Each structure stands twice: as structure tokens, then as C-alpha cells.
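This report concerns only the one structure given below.
The values are calculated or read from the model by the stated rules, or taken from the named source; none is laboratory data. Predicted model, so just to flag it, every value in this text is computed and none were measured. Here the Cβ positions follow ideal geometry from the backbone for every residue, glycine too, while neighbour counts run over all protein chains shown.
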Protein chains: 4
Amino acid sequence: MLTPGDLILLVSPKGKQYLRKFDPEAKLHTQDGVIDLSQVTQAGYGGVIASHMGSLYRVLRPSTYQLIKGVKRSTQIMYPKEIGYLLLKLGIGPGVRVVEAGSGSGGLTTALAYQVGDTGRVYTFERRPEFYELSGKNLEAAGLSHRVARYNHDILQGFAPEGMVPGDPASDPSGADALFLDVRTPWDHLEQVAAVVCPGAPVGFLLPTTNQISDLLRGLETAPFEDVEVLEILVRRYKPVADRLRPEDRMVAHTGFLIFARHAGTPFTGSIPVLDRVRRTQENPDDNAPDTPDATATPHTVDTAEEPHATDTSNMAASDPPPSGADA
Amino acid sequence: MLTPGDLILLVSPKGKQYLRKFDPEAKLHTQDGVIDLSQVTQAGYGGVIASHMGSLYRVLRPSTYQLIKGVKRSTQIMYPKEIGYLLLKLGIGPGVRVVEAGSGSGGLTTALAYQVGDTGRVYTFERRPEFYELSGKNLEAAGLSHRVARYNHDILQGFAPEGMVPGDPASDPSGADALFLDVRTPWDHLEQVAAVVCPGAPVGFLLPTTNQISDLLRGLETAPFEDVEVLEILVRRYKPVADRLRPEDRMVAHTGFLIFARHAGTPFTGSIPVLDRVRRTQENPDDNAPDTPDATATPHTVDTAEEPHATDTSNMAASDPPPSGADA
Amino acid sequence: MLTPGDLILLVSPKGKQYLRKFDPEAKLHTQDGVIDLSQVTQAGYGGVIASHMGSLYRVLRPSTYQLIKGVKRSTQIMYPKEIGYLLLKLGIGPGVRVVEAGSGSGGLTTALAYQVGDTGRVYTFERRPEFYELSGKNLEAAGLSHRVARYNHDILQGFAPEGMVPGDPASDPSGADALFLDVRTPWDHLEQVAAVVCPGAPVGFLLPTTNQISDLLRGLETAPFEDVEVLEILVRRYKPVADRLRPEDRMVAHTGFLIFARHAGTPFTGSIPVLDRVRRTQENPDDNAPDTPDATATPHTVDTAEEPHATDTSNMAASDPPPSGADA
Amino acid sequence: MLTPGDLILLVSPKGKQYLRKFDPEAKLHTQDGVIDLSQVTQAGYGGVIASHMGSLYRVLRPSTYQLIKGVKRSTQIMYPKEIGYLLLKLGIGPGVRVVEAGSGSGGLTTALAYQVGDTGRVYTFERRPEFYELSGKNLEAAGLSHRVARYNHDILQGFAPEGMVPGDPASDPSGADALFLDVRTPWDHLEQVAAVVCPGAPVGFLLPTTNQISDLLRGLETAPFEDVEVLEILVRRYKPVADRLRPEDRMVAHTGFLIFARHAGTPFTGSIPVLDRVRRTQENPDDNAPDTPDATATPHTVDTAEEPHATDTSNMAASDPPPSGADA
């Protein structure tokens, strides 16, 4: 049973979509006439309601995909194909604390806020006032603003904006589990990025040009990050006709490149002598200590392996067959 | 601070990965020597611990990507590129109830269970005993089995297996929010699928061959499903070298095609006369009623539009710029 | 020095292209004014000429790509990406005799006629009178009609049309070196195809849907063809901006699938006993004999190998390094 | 009827290929035994011949594709997917004169020499002696060396090598119709390239990395070239199984990027005043004059249009339907 405040997506006979928080007292004015939303209670998700002119509208529970696509935007938003993949690479799920900049129109913010649930937190930073406003409205429309700390703040000055209460997880992003940057010059922010996430945290970047990738790779080489990956994701659609199945004639060929890395945590190398290692460990006695990469450590190496290493879970599933390990 | 039971991923100097639930009393036997896991408390996520031979291992919080890749498998598992996308299309997030068949090695089950959180539920069905066992072990290893109802059951006999308590959301998948099938002949199960999900629910399928897509499309045409989409997802990786940036020489060219549709809910058409519509609405007085598509209704139409319709959220973000609507 | 009759491509300041046979007496009427083509003699390829209104036009020698693109069309023409590849797979070059059906707008015909030179021959068949006309005009415009035998003929009735002089290589396609079919149901013509090409000849097909590929593969399995390949070719363009290099936003995602095979020649198998083989060879005493596949022979096998076998040219280049064999 | 000297491709039961010039006196030593090549006369193209151990070999006329693949190589050779496309972009056909550097293993040289026929000419330059040797042997093996002028020469010193007879089209590449560079730093050679080709000639480049593309684009901006295009070509193969049609699991994801441009000829602009234009034309009174780009001319503009301009052939095919213009 739908209750007031639940998100509903109303779909017209022509496919036009209206995202609303359910209010049984409200009326929706459409090109097909006025719709009395009190009908929604009875119709429920999947049901139909009628305008005063007799047009039938479907009532749906919006998917995350539809929430993202429903974001009002004045710039290009991130596409579901990239968002879905980064959710897995960054481990975004219930309870996770994730930092994002810039907010843009709030498409990715919406997806992150949906996925972290009421026990997680999204911290989003946006320098330009108009996008700070727009992303806020979009989050409100999606009913997700209570999960998000939003800042109209330039991250060149770090991730400790005015108004933040240090140590308060509702507003302070310190020690975040993950981070994603969709900004023009991410290499300018790597030190700040390394400082705000917890050791070992996954971070991601979106960049449209190959020149920017090269610049970011150079930046990552001298910052405390490991396991750098560069990739792009292509979605190819087919005409869904059983007897004449074929790809669509045209497709989106490029949105952006995704770059992933992992905060290098405390220095890691298998080649340093034991005594050094012991000393090094003693220098980081606290796993909550701020990020202090040892400048004398062997630089991290970039893992270019196409195939990830198999994971051993053997003592938990003792007699299992061996993994066969193909990647994508 | 890590507490016993937390999931940890231990990474060797050569990149070998060990997924474990943290037990400070345990020892890990590796090719690099024995590791006393009591060190993990102090090291924390992102820290390093040493084997008795002096090899250093990184301690990480596993990402969803790593959990999926870490699944022990005797068949091909689904790839993160497909899983990430279907999470968004099916709206998988905290609190969602989702049905899956077959369980296979449990890769997708693991991702679904991670995303739905403690307030959601995954119902997974597997016909073959050996995979029923294997997927269970993998879920246990990932610490996610408490979120999953698992059935060693052939869905040709429906989604009401022996042992299910009707009406108990912990075991009964009825009215699920979403469903995904990774089986050889999904067209044989469409009636059962339509019966188990809630009206309007999104459903998805994975199929390796074009012949199967055609067969499924034919099935969907005569079953109560709408908004059919067929697509595939390609990930192209680049060698992360700043001064010699180029794509990898080879890539995974095919894993499977994704097909999405939406349960058609109660019949929907803009062309039926008003009186008929009124009667129709009266026939479905309860939004929790089982799925009873009207056999006399106009058949649903397949939406082949490449670009999704813009969503109107206007009364919530009144002065926003117009959406520019590109898809993927 | 350009001589009358040479093909010239005139390009306007806005990029509009005019393909002409050079006639120094002619005038070209354009939106930029009238151009006296006598200027072309002095300008030459690469030079510029002026309209009476002072607009400058470039004079170019058209590339094959431009000839194909310049074809006037009322249907989709084949794309250079497919044409370039099939030229190599079918071995189209100077002196080659190649059969084509249907002619369509004449785009592929133009490319074939250009490549075979004055010593080769193209035989093209078209059932529909309007395309027979159109392709003829396009060939004439490209100055290539003298290399082409054109027939307004349905190949369901074979490749021996009315008006053909049997045994005359100018009109009779028998024993052609190669063949390409761009027709809706190529599986209906395989027996005729096998009869018109020489033993061992490469043949190719263009088909837009996966259903047609399956139908053709079934046809090829029972016809005398070997080494079947199915592939598609994608061209991805980049914005040519040095400091902001990135792929174009959109691309052509599908034109058609290419299928290649080779006429099986006389039966081939390594497993038949010696006596049988000897007898078999005696049954085909003449290498110019018409195609008579032995119905009792082991069916041909489909070679699905992704990587072609390395070719040994060792006795001609004795000390060469070994081939390293990667395909595409 | 095959005559001595004709190229033949012998294919073993296991698919191993032997490229030879037909010599009826010769014997081929294979793993399947010795083959008396006198049998080839009777077998002909498409026929079979037997080794002394009874193994049957197919006799084929090699396609251009097979000639390229048959090149013995010590470096990566160019792939047919790129070669086919550049043949069309550069207009390579019978009678064409084309310059190439470096020769490498001779794969592209072989294809060019095949396509230009006996009336055309290939001029190929190779700095490293070992590749100069290797490409020569490969051309000889393919029976095409008589169409090629080969130089062991570094093009940093231009395209007028020692031993060239100025003005002799058999050895002097001056005024070539087209040019292709497969070298590491093509931007170092643009002035020489502009000097060796005829005005308006198409030129092409192959480069593996995005950094090199950017460098080349910068070079082209200040050299007399127009109509710059950057693209890459992907071939996706399918398993040719009628009832289980699907793409191959893996594919070649990257070989190189293709860059095309056109020699700008004499300066071209629609905006210069008439008097200036007249003077300019007088400065280039001879269409055979060497390339002397006017340094004061408006810089050429890069055409980034995805869709080529339609070509008007209207006065030759007067009543034709309008072109519909899609590219690739």
C-alpha cells in the first residue's frame, strides 16, 4: 500500500514521465488533462489512474535508472552505464560514506544517496552556486536529500567547508569509505583527496579527454595511490524485434573515461628489509591515523594487469572448484 | 576500528587476494609464510601486516567488485559490467526485495545481497544441488547469507518452493520489487515471473546468443510485459601509462546480452472508451491484488525508442533548465 | 596535366562536392556563381579555380572513398568500412573478375570497378529496374561503366541473363574469381553462387539482422562452401583537437554483418582412405571443369578459429624470423 | 589453367598455409610428407593434391588478405581492417603512385603493390637494414617486387634517396598520388611529406598512442594539410553457429589509430578579396609546380564534421533521388 511521501513515477500514454512524492490531496496538470492523485492510493504501483479527460496514466515505483534520468539538468549528467560500474568499484552500498565533487546537476548524487540508504552518507561539493541549487532541488524531488551533506564550496580549499562540524559524521567527510571526482582538473586535488578518505579507500574519476587522462596518471604517480585502472564503458542497444534482431543504427560512442585507483594506505612493498618494515609499522600505530605516506618509500607500482588476481576464500568454502577468472 | 566478523581482503605482494571474516585468533597460511591475524586490529583497513617470513600484506575493505570477483566458481559468473547496470535498471537498493534464478556460483546473489542491506531480501533459486551448495558457501564467505532466502528448486514449478512460509517476507518472494533470470530458456518461465513480482516491477534477463534473444522477445510479446530493451555492455581498458596512453591490445568482446522489461501491471491503453476504463479500474479494487492482465486488452507495445522520455519534476524544481536527454 | 575526361572533384568553400568528368568547354552552375571549367587545365589537381562571383573552389582527384560517398542513392549504400575489408577478403585487384548482386545504387559496383582496372571485369545483377537505371548513371558519372557488365535480371534464375554471350569474358561471369551478395535471402542463391565462381573462390555477403545470419549459416552448411566467417566492422571517430582529444559523441553502431566463405572446390578431407582419394582425383581430371562437388564427401567443416593459421613462405625467404600471427 | 610463376596457396588438412610461386618441377616438404607440385597443373585453383603419405592439400589463389597475413614478420604488421580502409581513403587502385614509410615487414607494401597493378608504383622507405631485407623477401615471395621501388633510407633526410633517378617515375616518388606513414614521429616529416606528394593528395598515418595523435595534430595544424580525420577500426567476430549465434568471447581491442589528411594544395579560402585571389593564382601558373604553400594564407581549418558533404553529380544523372548521406 502506497503511503503519502512515497516516490511515484506517473507515465502518460505517450511515455512522458512525472516524478512526484505521493500526496493524495494533490492534482497533476498534464497535457492530457488534470489528474486527481487520490486515485493513486487505490491503483498502487503498477496500476492506472485517469485524467479528467479520460487519459490513462501508469503509476510506477521509479528505478534508480529512472531517478537518474529524471534529474533536471543544465549540464551533461553521468550516464547509468558509468554509474552502475563505479558503484561496484567503489563498493557503494548500505551504510557507506562517500564523497563526491562536483555535484553538477545531482545525477550521480541521487544514485549514491539511493544506494547508501539511511545508514550511509553522501558528502557532495559544488563550487558554482547555480548547480549547488539545482542539485539540491533534484535530490529533494527524489526524496533523498536527508542522506546528503551538500556544500557550495571549492575543493581547491579542501574538503573542510564552512559549516562543517568536525567529527560529526553527518557533516564531516573525514575518513570516507570512497570518493568520486567529476571535475576538470582532478590532478589539482589529489593531496586533498588522499587526506579525506580512509586508508586503502577506492577513488574514481570521470574525464572526457585523453589529455586529461595522461595528466591525471602523472598526478597519481606522485601521490599515494595504487592499482590505477583506466577504462570506458560502451552500451550497444538492439532493436527488440524477434524476427529482425539487429543493433540500433547509432549509439552513444563517448561520454567519458573512468579512472579508478586506491588510496595506498600505509607504505607497502615486499622488498624493504625486515627491520625497516618493523620500524615503518611502528610509525603508524593507529589505523585511524591520518594519511602520512612515507616519502622515502619505494614508489607504488601501477598494476596494468587486465585480469584481476583470483581471490582465495578457501578456508571458508573448502572443497570448491578452482576459480576460472575472466574479467570485465 | 575493525571488529571481529568484519570482512577483510588481504593482498599479497604479488597481488593474490584472500577474503576473510576478521578473526583476531586466526592464522593465515600463505606461500609467503604464516600470518598472525591479530595484527589486523592495529593495522586497520589500508594498513599492512607481516608474515613470519617478513612478507607484507595489505589489509583492505573489499569493494562489491572484489566480492563478486572473489566468488569461487565452477561456471562463468556474471561480470561487474552487467551487474552494475542491472542494479540501476532494476532499482536494487536498501530495502528492496528481489528474486533471482539460477543462483549459479552466487556472484550476482552476492552483489544483490550487498546492495539490499539488512532491510531488503534476496530470494534465489537453483535447480542443481552442486550450485546450490556452492552459492551458499560463497554467500557465507562474503558474510551476506543472512539476507538471502536460498532454494534448491526448479522454477519450472514456480516460485513457491517447499519450505517457503506463504506470506512471510523472509521466505516468500511474492510481490517482489524486481527479478533477474540467468537461465537457459527464460521464455518458459514468463508466466511464473509475472505472477511472483508486484505489478509494474522491472525484470531482467541474461542470454548469451542472439537466437535466445529472439525466442525471449517472442515470449515477452505474448506475456504481460512492456518496455522491452535489449542491449550489451562493453568495457574497454587502457594501459595506464601517461606518456603512452593506448587501449589494451585485447578485450572481452562478449559475455552476454541483457534484456529488460517491465511487468505491465493492470492493462494500460489510452484508446479504450471512458466507460470501459471505469469498469476496468473497478475490477482491480486492490493494489495488492495478484496480477490479472485483462486478456481482452490491447496488446502492449514495445518501446524501441533509443532516448528515454524526459521526466517532469517541474513542480518540485520550478525554474530549472530543460533536460537535454541523452541516453545510455 | 589534366586531360579532358579525367575525373575531377570540385569542392566549394563550404565543402559541397561536385564530381565531374573534366570538360574544358563546360561551365558549372553553383550557389556561388558560374565556374568556367577551362581554369581546371591550369589549376590541376590540388589547385583552385574561381566562380564569376569570386568564390574559390578546390580541384581534387577523387579518392575511392569519395567516389563511393558521391554515389547518388535512394537506398542505403554500403559503407567504406565494409567495402575496404571485403576488397582484401575477396582479393579484388587489377585483372580480377567479380560478380555482384544486387547493384543497388552502385556504391560497391563503383569501388569494385575502380579496383579491378581495365584488365578486370565486374558483373553486376539487379532485379529492380529503377536501381538498374540508377547504378548505371552512377557508374557513368564515375567514368567506370566500361569495366562493368550490368544486368537487369533476377538471380533466382541464375547468373546467365538474357543478352549474355556464353564464353565471352566481357559478358559471361562464369568462373569468376570472387562474388559478393547484398540481397535479402542469400541462402536461396547458394547453388547458383557455387556454379558461377571458380573452384576455391572467396564469396561474401552483407546482412543486417542476426536472424538472416543464422539462415545463411544453415544454407552454407549444406552447400559446397568452407571457412565460414561472420564479423562486423565498427569505425570510431575522434574529434581532431590536439589538446582535447576524445572520441566523437555518437557513432554509426550498425550497418550490417559481413559473412565470408570459400567455395569448397573439389572435396577435401584428410581422413578418406588413399584409394578413395586417388579415385576422387581422377574424377576431376580437368581444373577448368565446372563445379561438381561430390555428394558423398564428408561435409565441410566450419573453421571457427579466431586466429588464422600462419603462412609458410620459408623456401622463399629462408632466414626470416617466425611469424607472430595476430589477427583482425 | 595455372602457369608457372602464378601464386598459389597450399592449405594442409590442419589449415597450415604455404605461399609459393608455382613451379611444376618443385617439391614441397611438409609435416604430412613430400608433395610433388607437378600435380598443381591438373588440380588448378580450388583443387586438391596429395603428399606421398596421402595427405590432401587444397590449392588456392591467395586473396590480398591471405597475402598480408602470409607476410613473415618480426614486428607487428598492419591489419587488414586498417589496410582495407586506407586503400579507399587514399584512393589506391590501378595506376596509382604511392609512397610508404617505413616498410616494416612489408605487409602494407604487399597490399599496395597488389592494388596498384603493373601500371602503378609503390615507393617504400625503410631505415633499418634488417627490415629493408625482410620486406624485400616478402615482396619477392608474393611475386610483387617488380612494382616496388625500395629504399634503405631514413626519411628524415627526405624522399630523394641515393640511387634515385630524378624524373624517372620508376624510382622518383615526386608528385606521388598518395602517401602513408607508419613511423614513430610522423610530425618530424610533415614538410618532406608535403614536398613529395602532388597538390591535394591524400595522406595517412598509423599511430598506437593518443599522445602521438595529439603531437601529430599539432604538427598538421602548422603544415599545409586540410581535412584532418582521426579514427580507429574495430572488427568483431562471431562464432558461425546457426543455432547459437554469438560474438567471440575475446577480440583485438587495439592495433592503432588512423589519421588522414589532405595536402592543402594551393591556398584555399573563400574570404580573400578578388584581387588577392587573382594574384595568388598567377603565382602558381603551373599545375605541376612544386608545393609552395603561401605562408601568409589563412590557416587551413580542420573539418570535424562526422558526415561528409553530399556530392553533386547532378548534370550526369539528372533525375536521381537525393543522396541520404550517412558515413563510416
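Could you tell me which of the residues C:133, C:126 is without any contact (Cβ under 8 Å) to a residue 24 or more places away in the chain and of a type in the set (D, E, K, R)? If you could, list the steps in order and put the result at the bottom.
Details: C:126 fails: without any contact (Cβ under 8 Å) to a residue 24 or more places away in the chain.
Answer to the check: C:133.
Determine which single condition residue B:236 fails, assuming it passes every other condition in (1) within 7 Å of chain A (Cβ to nearest Cβ); (2) in a strand (DSSP E or B); (3) within 19 Å of the chain's Cα centre (by Cα).
(3)
Kindly indicate whether residue A:161 is under 20 Å from residue A:265 (Cβ atoms), touching a residue at least 24 places away in the same chain (Cβ under 8 Å) and part of a loop (DSSP other than H, G, I, E, B).
So residue A:161 does not fit the description; no.
Give the residue that is surrounded by the most Cβ atoms within 10 Å (Cβ to Cβ), with candidates limited to residues of segment D:77-110 that are among the small types (Gly, Ala, Ser) and either at positive phi or at the interface with chain C (Cβ under 7 Å from one of its Cβ atoms) (or both).
If we take residues in segment D:77-110 being among the small types (Gly, Ala, Ser) and either at positive phi or at the interface with chain C (Cβ under 7 Å from one of its Cβ atoms) (or both), then D:106 is surrounded by the most Cβ atoms within 10 Å (Cβ to Cβ).
Yes/no matrix, rows are residues, columns are (1) of a type in the set (A, V, I, L, M, F, W, C); (2) within 17 Å of the chain's Cα centre (by Cα):
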| residue | (1), (2) |
| --- | --- |
| C:154 | no, no |
| C:163 | no, no |
| C:195 | yes, no |
| C:207 | yes, yes |
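Report whether or not residue B:46 is more than 25 Å from residue A:85 (Cβ to Cβ) and in contact with a His (Cβ under 9 Å, 6 or more places away or on another chain).
no
Among all residue pairs at least 6 apart or on different chains, which show Cβ distances below 8 Å where the first residue, located in segment A:20-38, is touching a residue at least 60 places away in the same chain (Cβ under 8 Å) and the second is of a type in the set (Asp, Glu) and surrounded by fewer than 13 Cβ atoms within 10 Å (Cβ to Cβ)?
Qualifying pairs under 8 Å: none.
Here is a list of conditions, (1) touching a strand residue (DSSP E or B) at 6+ places or on another chain (Cβ under 9 Å); (2) free of Cβ contacts under 8 Å to residues at least 24 places away in the same chain, and residue C:12 meets all of them except one; can you say which number that is?
(2)
Say we look at segment D:1-33 and pick out the residues that are among the charged types (D, E, K, R) and part of a loop (DSSP other than H, G, I, E, B); which of these is surrounded by the fewest Cβ atoms within 10 Å (Cβ to Cβ)?
Within segment D:1-33, the match that is surrounded by the fewest Cβ atoms within 10 Å (Cβ to Cβ) is D:25.
Are there any pairs, at least 6 apart or on different chains, whose C-beta atoms fall under 8 Å, with the first in segment B:61-76 and more than 7 Å from every other protein chain (Cβ to nearest Cβ) and the second aromatic (Phe, Trp, Tyr) and surrounded by 24 or more Cβ atoms within 10 Å (Cβ to Cβ), and if so, which?
B:67/B:114
Which condition number in (1) farther than 25 Å from residue B:233 by Cβ; (2) part of a loop (DSSP other than H, G, I, E, B) is the one that residue B:140 fails?
Of the numbered conditions (1) farther than 25 Å from residue B:233 by Cβ; (2) part of a loop (DSSP other than H, G, I, E, B), the odd one out for residue B:140 is (2).
Out of the residues in segment B:186-211 meeting the condition of being part of a loop (DSSP other than H, G, I, E, B), within 13 Å of chain A (Cβ to nearest Cβ) and touching a His at 6+ places or on another chain (Cβ under 8 Å), tell me which one is modelled with the highest pLDDT.
Here the answer is B:201.
Return the only residue of C:119, C:124 being in a loop (DSSP other than H, G, I, E, B) and of a type outside the set (A, V, I, L, M, F, W, C).
C:119
Among (1) within 20 Å of residue C:11 (Cα to Cα); (2) modelled with pLDDT of 95 or more; (3) more than 8 Å from chain C (Cβ to nearest Cβ), which single condition is residue D:297 missing?
With respect to (1) within 20 Å of residue C:11 (Cα to Cα); (2) modelled with pLDDT of 95 or more; (3) more than 8 Å from chain C (Cβ to nearest Cβ), residue D:297 is out only on (2).
Do the conditions hold for residue A:134, that is, is it surrounded by 20 or more Cβ atoms within 10 Å (Cβ to Cβ), modelled with pLDDT of 95 or more, more than 10 Å from chain B (Cβ to nearest Cβ) and part of a helix (DSSP H, G or I)? Spell out how you get there, then give the answer.
Details: surrounded by 20 or more Cβ atoms within 10 Å (Cβ to Cβ): yes; modelled with pLDDT of 95 or more: yes; more than 10 Å from chain B (Cβ to nearest Cβ): no; part of a helix (DSSP H, G or I): yes.
Answer is no for this residue.
Among the residues of segment A:143-157, which ones are in a loop (DSSP other than H, G, I, E, B), out of contact with any Pro (no Cβ under 6 Å at 6 or more places or on another chain) and at pLDDT 95 or above?
Scanning segment A:143-157 gives A:144, A:154.
Applying the selection to segment D:172-193, what residues are under 18 Å from the mean Cα position of the chain (by Cα) and polar (S, T, N, Q)?
The answer is D:174, and nothing else.
One line per residue, one yes/no per condition, for (1) farther than 30 Å from residue C:8 by Cα; (2) of a type in the set (Gly, Ala, Ser):
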residue	(1), (2)
D:196	no, no
D:204	no, yes
D:209	yes, no
D:216	no, no
D:232	no, no
D:237	yes, no
D:243	yes, no
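Does residue D:56 satisfy being at the interface with chain C (Cβ under 9 Å from one of its Cβ atoms), crowded, with 21+ Cβ neighbours inside 10 Å, more than 30 Å from residue C:7 (Cα to Cα) and in contact with a Lys or Arg (Cβ under 8 Å, 6 or more places away or on another chain)?
Values: at the interface with chain C (Cβ under 9 Å from one of its Cβ atoms): yes; crowded, with 21+ Cβ neighbours inside 10 Å: yes; more than 30 Å from residue C:7 (Cα to Cα): yes; in contact with a Lys or Arg (Cβ under 8 Å, 6 or more places away or on another chain): yes.
It is true that residue D:56 is at the interface with chain C (Cβ under 9 Å from one of its Cβ atoms), crowded, with 21+ Cβ neighbours inside 10 Å, more than 30 Å from residue C:7 (Cα to Cα) and in contact with a Lys or Arg (Cβ under 8 Å, 6 or more places away or on another chain).
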